[in-house]
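Below is one structure, written out as structure tokens; the observations come after it.
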Amino acid sequence: MIIATIIRQSHFFHSGAIGIDPMDNELVRGNLLTAINPYDESALNMALYLKEHHPGVHIIGITPRAEQAQAFIDQAISLGADEGVILDMEPTDAAGAEQRAKQWSLGLKTLDFQLLLLGVKEMDRCEDEFGIYLGAHLNLPVISGIKTLTLTQAGEVQAVRKLEKGHGERVSCRLPAVLTAEATGRYRYPTLKSIAQPKNTRVIHIPAPTGDTQEKMPAVALKNLRPPKVRPKKGLVEVDSSLSVTDKLSQLFSGGVTEKKGTGDILTGAPDQVAKTLVAHMQDKGFI
Amino acid sequence: MGDTKQIWVIGGRDGYTIGDETLELMTEAHDMAKKTDCRITVVIFGEALDETIALLAGRRIADRLVTFEAAAYRHYDPAAYMAALAQLAQTQPPDIVLAPATSMGRDLAPRLAFHLGAQLISNIQQIQLTPAAKIKIVKPVYGAKANATGNVPDDAPLVVTVIHGVIGVGRTKGSKATQIDRRSPPGTASQALASGYQVLEFIAADPRTIDIVDADVVVAGGRGVGGKDAFETVKAFAFLIGGAVGCSRPIVDDGILPLDRQIGQTGKTVAPDLFVSCGVSGAMQHEMGMKDAKYIIAINTDKDAPVFRISDYKVACDVNRLLPAVIKEIHGRSIEEH
């Protein structure tokens, strides 16, 4: 079974803070670090998990032509991918997700795979639609936002989709399919031995046909970058002027924690009696 | 596109119920309708929607409320949802679609955009419609470390997913008489729209493993609980009331719970419906992480503990003696009820 995993780049910032040029509100590129998109790393991790549990799984790491492409492929191979592919296609940074997916699909159609795994989100653009569009252009089913993945004996995949508030749903799908992975927060680190592995592993360059990728709709140009607004903390801006200096300082340093007034007396007594009262209260409030 | 903008609001889902995100999107659509001539259609899916219909229609914001009500819509199924939306778009296609940036909206929006040949912008924070009917959006980029602005060309329909919690529900009310349009499920979607996957089961959140940030009920233990063995009672109590277990920093320092369970300035910030504080004195650093809980019950032996200042219900008692009694009492009541 061949699993293709997509590896895209994302940018991080030295010191963790973004640099924005105040003159033109553009990104200060000198402050940038490039790394594998963490969601794609999570997808690669899921592929490696399947490889460990199912003999015969072969993993191909695919990345677009970019400055760091070889480094990303080397990293994927050192983590356990069997093969690397660099898709030689024109830079698509200015295109919308649908157009980019279309161009990617032209390259991917030249490859043989049963399962295409990628991260659900692209960090730089904060977009999560690329995988769905890719499935549409490849005419393959898509399961988005999975957090676990298993292969069944019937040749299907079973995955758990992440829902809100910790819920999930188990879904199954026939292969071939496209699956997009949530960030699991579990990452692997290459060993010294595996870091030397890329030298012995095949990396091929595949020219992606340009096809009819002429833009029907130009992507919305996102500009005028600004740091997100800092939410004001309650209390810091609303100090009660009638308080004494000590109380004002206390209110300032409390970070907005305010006393709840008129909320009743403190319940005391023997544990058994207090338990009865407490449980009755929780029942009245509808908590149990 | 005609002069009147057709705005669709796709109702969100929160587990099985339609959540606040639908009301947020309606508020946004209402604001847009103030600037230019808009007709708002709210589309919701699910089972037994009478209460939801009453709630949404009561806001008097939508011109039309379209409901797809059937067992097939109990879970989000892209094929079923897309078939319904494709049918709806046949009669009156939308100019702007607002969908929630939830697990459902993130999956459905690109499928709908692909079907409509629409531009999609995901995870936006703000959408503005100028009086000249030009659309401007604000969305986070670079891992939400910056916000960017974009002007959307108005020569194609637009689908956006909106991040929940940015706009706020508010108390916005309109003056429209909402027309209710109840529809039955149409046939299956075309192959291109079908998801190709099958939902096997819904997995409810397990309070023992759920992230404390997502939990509706959180039970937090502090140094007053004692050691690792004593903490098992806190866990048992939390499990009994369907709560997630959190803690203050000393518990993490002692290795009783991992760092992802820590609440406070150096841990996580929670805002559950119920927060039960057990043996936590209430240092400011801890309070910063739980002060937004809707209802706080504090249990502590020290009547002067700072946590009592911000609690709704205060119990001065030894938590190690009280919790076993509470567990026993809850078990007793549940047996009586049966």
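Per-structure values
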{"quantity": "Amide H contacts under 5 Å for residue A:127, placed H, 5+ residues apart", "calculated": "A:122"}
{"quantity": "Simple Cβ-charge dipole of region B:5-183, Lys/Arg +1 and Asp/Glu -1, about Cα centre, in debye nearest 20", "calculated": "440 debye"}
{"quantity": "Cα centre as origin, Lys/Arg/Asp/Glu Cβ charges: the protein assembly as shown dipole, Debye", "calculated": "520 debye"}
{"quantity": "Computed [θ] at 222 nm, helices only, for chain B once each DSSP H run of length n ≥ 4 contributes -39500 (n - 2.57)", "calculated": "-8500 deg cm²/dmol"}
{"quantity": "FRET E, pair residue A:35, residue B:4, Förster distance 35 Å, beta-carbon r, rounded to 0.05", "calculated": "0.15"}
{"quantity": "Per-q log10 I(q)/I(0), region B:5-183, q = 0.09, 0.15, 0.17 Å⁻¹ (Debye; single scatterer per alpha-carbon; no solvent)", "calculated": "-0.27, -0.80, -1.06"}
{"quantity": "Considering only the protein assembly as shown, percent of DSSP beta bridges that pair antiparallel, nearest 5", "calculated": "35 percent"}
{"quantity": "Stokes-Einstein translational diffusion, the protein assembly as shown - Kirkwood Rh over all Cα pairs, 1.567 mPa s, 4 °C, in µm²/s", "calculated": "48 µm²/s"}
{"quantity": "Count of lysine pairs in region B:5-183 with Cα separation under 26 Å (8 or more residues apart, or interchain)", "calculated": "22"}
{"quantity": "FRET efficiency, 1/(1 + (r/R0)^6) with R0 35 Å, evaluated for residue B:50 and residue A:266 via beta carbons", "calculated": "0.20"}
{"quantity": "Along each principal axis, Cα extent of region B:278-338, largest first, Å", "calculated": "42, 23, 14"}
{"quantity": "Number of partner chain Cβ atoms within 10 Å, mean per residue of A:277-285", "calculated": "5"}
{"quantity": "Summed side-chain charge close to residue A:173 - residues other than residue A:173 whose Cβ falls under 12 Å, Lys, Arg +1, Asp, Glu -1", "calculated": "+2"}
{"quantity": "Region A:1-73-region B:96-148 distance, computed between alpha-carbon centres (Å)", "calculated": "24 Å"}
{"quantity": "Inter-label distance for residue A:205 and residue A:186, nm, one decimal - labels placed 7 Å from Cα along Cα-to-Cβ", "calculated": "3.8 nm"}
{"quantity": "Scattering profile of region A:45-128 at q = 0.15, 0.23, 0.25, 0.27 Å⁻¹ [log10 I(q)/I(0), Debye over alpha-carbon scatterers]", "calculated": "-0.62, -1.35, -1.47, -1.52"}
{"quantity": "Non-local Lys pairs in region B:207-337, i.e. 8 or more apart or on different chains, that have alpha carbons under 16 Å apart", "calculated": "5"}
{"quantity": "Beta bridges per DSSP with both ends in region B:1-81, % antiparallel, nearest 5", "calculated": "10 percent"}
{"quantity": "Other protein chain Cβ atoms within 10 Å, averaged over every residue that makes up B:111-122", "calculated": "5"}
{"quantity": "Inverse mean reciprocal Cα-Cα distance (Kirkwood Rh) of chain B, Å", "calculated": "22.6 Å"}
{"quantity": "For region B:103-185: rounded, prolate or oblate by the Cα gyration tensor [a/c cutoff 1.5]", "calculated": "rounded"}
{"quantity": "Amide hydrogen neighbours beyond the local backbone of residue B:39, cut-off 5 Å, H modeled", "calculated": "B:5, B:6, B:7"}
{"quantity": "Spin-label pair residue B:228/residue B:71, simplified geometry with 7 Å Cα→Cβ offset, distance in nm", "calculated": "4.9 nm"}
{"quantity": "Dipole magnitude of chain B about its Cα centre (Cβ charges: Lys, Arg +1; Asp, Glu -1), debye to nearest 20", "calculated": "740 debye"}
{"quantity": "Chymotrypsin sites (Phe, Trp or Tyr not before Pro) within region A:95-196, DSSP loop, no more than 13 other Cβ atoms inside 10 Å", "calculated": "A:187"}
{"quantity": "Whole-Å semi-axes of region B:228-338's equivalent ellipsoid (Cα gyration tensor)", "calculated": "23, 16, 14"}
{"quantity": "Gaussian network model of chain B, Cα within-10 Å springs - most flexible of B:321, B:183, B:39", "calculated": "B:321"}
{"quantity": "Antiparallel bridges, percent of DSSP beta bridges restricted to region B:5-183 (to nearest 5)", "calculated": "30 percent"}
{"quantity": "Whole-Hz couplings from phi, Karplus 6.51/-1.76/1.60, listed for region A:123-140; x for Gly and Pro", "calculated": "4, 4, 8, 6, 10, 10, 9, 4, x, 5, 5, 4, x, 5, 6, 8, 6, 10"}
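Here, each number is a calculation from the coordinates, and none is a lab measurement. Model, not experiment: these values are computed from the prediction. No Cβ is skipped: glycine too gets one built from the backbone with ideal geometry, and neighbour counts run over all protein chains shown.
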